[in-house]
Amino acid sequence: MSTTVPTSATLPGGLVALPSVYRPQADTRLLAEALAHEELGPRTDVLEIGTGTGALALHAARRGAAVTAVDVSWPAVATARVNALAHRLPLRVLHGDFVTRTAGRRFDLVVTNPPYVPAPGARPPSRGAERAWDAGHDGRLVIDRICAAASALLRSGGVLLMVHSGMCGARTTVDRLTGAGLTAEVTARASVPWGPVLRSRRAWLERRGLAREAEQWEELVVIRARNL
């Protein structure tokens, strides 16, 4: 059964965001709740994929973890760096593709709120605000890349936390992570009202079979995977 989005997630306040940078929303808060249950400390190496404002990365850094954050968007990188300085927290923010920028490194925890909104375009946009959410016809362009890379990114016993829409197929994500040698399960769910992006694509989503007619609520899921 889905739950309402929790309001107790501890995210940094007073975050700035340049135009086109995704601001923390219900999915960010749900993921922050999951992150709050993980053990973090000075010896914990954390990676955030698609950091946006840096909210989740700063949440981990505040608890003492050594955090690296990656984003393909220069405005997001600049925003996360400014927010880290404003909050006086150490944060390494890198620009580029997460696989390229983390080559040869392994982490204790990987956290990500990737683009996951199904979109009419087969390829993700190269610029603009849509870059933070559009992810191909089934919303899985980035999700599947993270599933494929997870075992190489995580140390033995390391954990991946990922949030995405139920439209993308939570079972598919769990199966792909399991197939890559991890243990995986859905650990949290929440129902949120459709936002303006989904509402603008209603007819297309219904034709694709991704949404029921007149549907008004979206399910969010958090998936936790552990590297064996």
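The values are calculated or read from the model by the stated rules, or taken from the named source; none is laboratory data. Please read these numbers as outputs of a predicted model, since none were measured by experiment. All Cβ positions, glycine included, derive from the backbone under ideal geometry; neighbour counts span all protein chains shown.
A few comments on the model shown:
- Positions within region 175-194 being over 18 Å from Leu220 (Cα atoms) and not in a helix (DSSP H, G or I), in sequence order: Ala180, Gly181, Leu182, Thr183
- Only listed residue being farther than 26 Å from Leu141 by Cα, of a type in the set (A, V, I, L, M), at pLDDT 95 or above and crowded, with 19+ Cβ neighbours inside 10 Å, chosen from Ala69, Ala34, Ala57, Ala65: Ala65
- Any hit, region 95-108, residues being β-branched (Val, Ile, Thr), surrounded by fewer than 22 Cβ atoms within 10 Å (Cβ to Cβ) and in a strand (DSSP E or B): no
Here is a yes/no grid of residues against (1) free of Cβ contacts under 8 Å to residues at least 12 places away in the same chain; (2) part of a helix (DSSP H, G or I); (3) touching a helix residue (DSSP H, G or I) at 6+ places or on another chain (Cβ under 7 Å):
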{"site": "Val93", "(1), (2), (3)": "no, no, yes"}
{"site": "Ala119", "(1), (2), (3)": "no, no, no"}
{"site": "Ala122", "(1), (2), (3)": "no, no, no"}
{"site": "Pro125", "(1), (2), (3)": "yes, no, yes"}
{"site": "Arg131", "(1), (2), (3)": "no, yes, no"}
{"site": "Ala148", "(1), (2), (3)": "no, yes, no"}
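- Residue in region 26-35 that is in a helix (DSSP H, G or I), charged (D, E, K, R) and over 12 Å from the mean Cα position of the chain (by Cα) present: yes
- Within region 206-223, considering residues that are out of contact with any helix residue (DSSP H, G or I) (no Cβ under 7 Å at 6 or more places or on another chain) and in contact (Cβ under 8 Å) with a residue 24 or more places away in the chain, the one farthest from His137 (Cα to Cα): Trp217
- Flag for Gly195 being out of contact with any strand residue (DSSP E or B) (no Cβ under 9 Å at 6 or more places or on another chain), modelled with pLDDT under 95 and either within 20 Å of Asp134 (Cα to Cα) or crowded, with 16+ Cβ neighbours inside 10 Å (or both): no
- Gly157 satisfies every condition listed in (1) surrounded by fewer than 20 Cβ atoms within 10 Å (Cβ to Cβ); (2) assigned to a strand (DSSP E or B); (3) under 17 Å from the mean Cα position of the chain (by Cα) except (3).
- Residue check for Ala211: aliphatic (A, V, I, L, M), farther than 21 Å from Thr102 by Cβ and assigned to a strand (DSSP E or B): no
So that you can scan it fast, the table gives a plain yes or no per residue for (1) of a type outside the set (Lys, Arg); (2) at pLDDT below 95; (3) within 13 Å of Pro114 (Cα to Cα):
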residue	(1), (2), (3)
Tyr22	yes, yes, yes
Pro42	yes, yes, no
Asp45	yes, no, no
Gly50	yes, no, yes
Ala61	yes, no, no
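- Among the residues of region 12-31, those identified as buried (at least 16 other Cβ atoms within 10 Å of the Cβ) and either under 16 Å from Leu85 (Cα atoms) or of a type in the set (Ser, Thr, Tyr) (or both) are Pro12, Leu15, Ala17, Ser20, Tyr22, Thr28.
- In region 109-133, residue modelled with the lowest pLDDT [restricted to those that are loosely packed, with under 15 Cβ neighbours inside 10 Å and either β-branched (Val, Ile, Thr) or under 17 Å from Met167 (Cα atoms) (or both)]: Ala122
- Filter result for the condition that a residue is of a type in the set (A, V, I, L, M, F, W, C) and part of a strand (DSSP E or B), over Val82, Val67: Val67
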